[in-house]
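K.L.:
Can you read through this structure? Questions will come right after.
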Amino acid sequence: MSPNSSSRRARTAGAIAVVAALAAVAVPTTASAAPVGREAAIAQARANVTHNPGVFGYGAGQDLVLKDVVLDPDGTSHIRFDRTYQGLPVVGGDLVVHQDARGRLKDSSRAAAHDAAVKTTVPKVPAQAGAADALSAAPGVRDATSSPELVVWAADGTPRLAWRTVVEGTGEHGQPAGKVVVTDATTGEQIESYDAEHQAAGTGNSEYTGQVTVDTTPANGGYTLTDPVRGHVTKDAGNLSASSIKASSGTPFTSTTNVWGDGRKFSTDRATAAVDAHANTAWTYDYYKNVHGRNGIKNDGKGATVFVHVGTNWDNAQWSDSCFCMMTGDGDGTTDPEQVDLDTMGHEMTHGVTSATANLRYSGESGGLNESTSDIFGTMVEWYANNRIDTGDYLFSDQSTPPWLRRFDKPSLDGKSADCWSSSVGKLDVHNSSGVGNHWFYLASEGSGSKTVNGVAYNSPTCNKSTVTGIGNQKVAKIWYRALTVYMTSTTNYKGARAASLNAARDLYGAGSTEYNAVAAAWSAVSVN
């Protein structure tokens, strides 16, 4: 609503009871006739507030706006109201009236009353004052428009008049974006700012991880696969080739029901691959943020564009820095299904993390380390997700390329990868020279010899015939992340990676610690000294 209304500028705010935290307050009941149904319960709730003004901090100039009604099977009712003062919304003035089956007041849930009377006059603040402050507080929103509204701000226990301005526009990747900015109407001080776009919890029937929750955005009476929390959007590439794709390519997935996919492999429902891609991108984002404190691939909070159905029978997936996007194919059409499983998605997004940090050159030993880093963190995303179907293991891409594309305990089992470092390792394809790093990671995590983890049998040899005791993949991953982001450079080789990871282990756990010694022993066990 417009803040230019002269009647609002003339109002005087006074004696507003506000809340600092939800509190259940036992109160004397008021006898009344038993309410019949929803409407009677609402009417009785209004009467209970009026008859118990001290309980609810309710007084002259205030009114109640119905928000929600919950009716229990035993007749108990819980009526939720928002509060206004002289027509202005009171932010932080909401309350719930709890009534028994006869309509008698049982309890109240509300902000604990701030008894200090606040008397102020609604200032004659131009609308553009609130709008300008809000626009400047929403730099990530493009093509923005603003809509200021005058409110009584009582959420922090100090009632005051404020502009609540909604800034709406588009985000980095064209998704709906917005901010709500609250500024003090008298001083212009910013009180708070938060995202205006709300997420919806959709149901995704995935190909690899069963039924999962996907974060979506309401749009045009339906939903889109746009994650308003992490910022990524999932699109149908329409079988464009990888070389043709730009960030603006493809078509966003939409649904009127917020239910996506059919859960089948080699599915003809194009949204099925999108479910895996969307959910697994979220898991990857959350892994980096919650475990390593990294806010997105570039650590700038921005989400990527994710494309599924790239190419025709394209049995691959890749990350592209140029479009800040991830591309996944539909597999070979016969044995390998869509390349959207957990560790594959984590692997590709990690290429973006590596590019934004050490930027390991994609050739020679540094190229092997680049691939190994993606294998390591792709695997750790799988462990982090803790999905009941795609459980954590040391078999890379075992879901989309069964039985596995690469494995960590003995990389040479694929017939191409190296278990141990040698002077010729750098001449191998980077996907095969990565075996040295993967083998090190397994040994440092789980140790040498035979072992069964999550139902999978492993038997990891050492190149120097030593026995290695592991320290767990969580610690090793933290060491590797610090090594990557703090110590490695674009030309780091395996010897340099040993030094970088020992520096990281020293920083995190101390020189000579169990963790430091395990990292060193694992490197020696793969002939990196």
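The values are calculated or read from the model by the stated rules, or taken from the named source; none is laboratory data. What you are looking at is a predicted structure, and each value in this text was computed from that prediction instead of being measured. Note that we place each Cβ from the backbone using ideal geometry, even for glycine, and neighbour counts take in every protein chain shown. Areas reflect the complete protein model, heavy atoms only, side chains present, ligands, DNA and RNA absent. Shrake-Rupley method; radii C 1.70, N 1.55, O 1.52, S 1.80 Å.
K.L.:
Calculated FRET efficiency, R46 and D72, Cβ-Cβ r, R0 25 Å, to nearest 0.05?
P.N.:
On the way: r = 19 Å, r/R0 = 0.77.
Once the sixth-power term is evaluated, E becomes 0.85.
K.L.:
Give the ranking of C420, C325 by solvent-accessible surface, highest area first, calculated with a 1.4 Å probe. Before the final figure, lay out the partial values.
P.N.:
Working: C420 50, C325 0 Å².
Descending accessible area places them as C420, C325.
K.L.:
Rank-order 398-405, 363-370 by packing density, defined as the average count of other C-beta atoms within 10 Å over each peptide's residues, highest first.
P.N.:
Descending packing order for the listed peptides: 363-370, 398-405.
K.L.:
Once you sort the root eigenvalues of the Cα gyration tensor of segment 324-468 as a ≥ b ≥ c, which label holds: rounded (a/c under 1.5), prolate (a/b larger than b/c) or oblate (the other case)?
P.N.:
In terms of gyration-tensor shape, oblate.
K.L.:
Going from most exposed to least, what order do V69, V259, V214 have by accessible area with a 1.4 Å probe? Write out the running numbers ahead of the final one.
P.N.:
On the way: V69 25, V259 80, V214 0 Å².
Largest to smallest exposure gives the sequence V259, V69, V214.
K.L.:
What is the spin-label model distance, in nm, from V456 to A60 if the labels are put 7 Å beyond Cα along the C-beta direction?
P.N.:
Between V456 and A60, the label points sit 7.3 nm apart.
K.L.:
Which order do E371, E39, E149, E192 take by accessible area at a 1.4 Å probe, largest first?
P.N.:
Numbers: E371 0, E39 125, E149 35, E192 65 Å².
From most exposed to least exposed: E39, E192, E149, E371.
K.L.:
For segment 196-265, state which trypsin sites (Lys or Arg not before Pro) are in a DSSP loop and have at most 11 other beta carbons lying within 10 Å of their beta carbon.
P.N.:
none
K.L.:
Give me the distance in nm between label points sitting 7 Å out from Cα along the Cα-to-Cβ direction at T391 and N239, one decimal.
P.N.:
Going by the 7 Å Cα→Cβ label model, 3.9 nm.
K.L.:
Extension gain Q211-T187, at 0.36 nm per residue separation less the Cα-Cα distance, in nm?
P.N.:
Difference between extended and current length: 3.6 nm.
K.L.:
Are any of the pairs K302/K475; K265/K416; K410/K465; K246/K302 more than 19 Å apart by Cα-Cα distance, and if so, which?
P.N.:
The pairs that break the limit, which is 19 Å between Cα atoms, are K302/K475; K265/K416.
K.L.:
Let me ask something additional. Can you tell me the FRET efficiency between N517 and S422 if r is taken as the Cβ-Cβ distance and R0 is 25 Å, rounded to the nearest 0.05? Kindly include the intermediate steps, with their values, before the conclusion.
P.N.:
Working: r = 24 Å, r/R0 = 0.98.
My answer for the efficiency is 0.55.
K.L.:
Between N258 and K495, what length comes free when the chain is fully extended (0.36 nm per residue of separation minus the Cα-Cα distance, one decimal in nm)?
P.N.:
In short, 80.3 nm is gained.
K.L.:
Where in segment 460-505 are there trypsin sites (Lys or Arg not before Pro) that are in a DSSP coil and have at most 14 other Cβ atoms within 10 angstrom of their Cβ?
P.N.:
Numbers: sites: K465, K475, K478, R482, K495, R498; in loops: K465.
Taking segment 460-505 and a limit of 14 other Cβ atoms within 10 Å, the loop trypsin sites (Lys or Arg not before Pro) found are K465.
K.L.:
Near the amide H of S241, under 5 Å away, which other amide H atoms are found, from residues 5 or more places off or on another chain, if H is placed in the peptide plane?
P.N.:
The list, which skips near neighbours in sequence, is G311.
K.L.:
Just to compare against my own numbers: the Cα pair-distance distribution for segment 415-525, 10 Å bins, whole % per bin, please.
P.N.:
Pair shares across the bins are 15, 46, 34, 5.
K.L.:
Quick one: which of 433-444, 95-106, 292-303 comes out on top by average Cβ neighbours within 10 Å, and what's the full order, highest first?
P.N.:
Put in order of decreasing packing, that is 433-444, 95-106, 292-303.
K.L.:
What Kirkwood hydrodynamic radius, in Å, does segment 358-400 give when the mean of 1/r is taken over all pairs of distinct Cα atoms and then inverted?
P.N.:
Here the Kirkwood hydrodynamic radius works out to 11.3 Å.
K.L.:
What distance in nm separates the simple spin-label points at V486 and T158, each placed 7 Å from Cα in the Cβ direction?
P.N.:
Result for the modelled spin labels: 3.9 nm.
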